[in-house]
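Below: the structure, in structure tokens.
The values are calculated or read from the model by the stated rules, or taken from the named source; none is laboratory data. Everything quoted here is computed from the prediction, not taken from an experiment. For the accessible areas, the whole protein counts, side chains as well, though only heavy atoms, and no ligand, DNA or RNA atoms are used. Shrake-Rupley method; radii C 1.70, N 1.55, O 1.52, S 1.80 Å.
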Amino acid sequence: MECEICGKSVPENNPIRAKIEGSVMVVCKECSKLGKVQKAPPKPKFVKQNNRNKNQRPATTRNRPYSRNDEPSEELIEDFSFEVRKAREAKDWSREDLGKKINERVSVITRIETGKMTPDTKLTKKLEKTLGITLLEKVDNIDLNQFINSSSGERTLGNIMKIKRK
């Protein structure tokens with residue numbers, strides 16, 4: 001094991017842990033003077049055994065891998081605030097009227113119409129249904145492999161932003 005600051009060897013059986021500028025690090029004796037030495041957590045004297053079979057595994061939460069199906073298939077349109085205001089005014093409703101119809105505060109309607117707030121999916125669907133407009137648009141899956149042959153040959157965040165704008 002090596003000191004995380006200078007790289008010197010640190011004994012594996014009794015490493016020194018020191019809090020240096022907010023980070024707890026494994027350090028050598030000299031580098032431990034740069035921070036506050038942390039006490040090692042006490043070792044349990046005995047381990048409590050549950051009444052379960054030795055072959056039985058403990059219950060854990062399953063970490064499933066990320067998949068493309070987890071990505072949203074719909075996206076809020078860019079000018080949603082303008083569309084909400086235009087549809088509300090076309091029905092000759094005040095912000096208070098719209099707020100009562102979808103059971104939301106007037107301040108929420110105001111913030112949506114001024115673009116200061118982005119509505120979540122549930123609120124967006126309420127607005128769509130009440131106003132008779134479409135605020136969510138389908139998002140097509142983009143094949144990023146076709147854009148690999150950029151100037152550097154790698155996918156970068158900048159390249160992806162250019163793709164989204166097309």
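Quick one: accessible surface of Met25, probe radius 1.4 Å, all protein chains present, in square angstrom to the nearest 10.
40 Å²
Which entries in the list Lys101/Lys122; Lys100/Lys129; Lys91/Lys138; Lys8/Lys39; Lys8/Lys45 go over 24 Å, if you measure between the two C-alpha atoms of each? Provide the component values of the computation, followed by the final result.
On the way: Lys101/Lys122 15 Å; Lys100/Lys129 14 Å; Lys91/Lys138 26 Å; Lys8/Lys39 21 Å; Lys8/Lys45 32 Å.
Among Lys101/Lys122; Lys100/Lys129; Lys91/Lys138; Lys8/Lys39; Lys8/Lys45, the Cα-Cα distance tops 24 Å for Lys91/Lys138; Lys8/Lys45.
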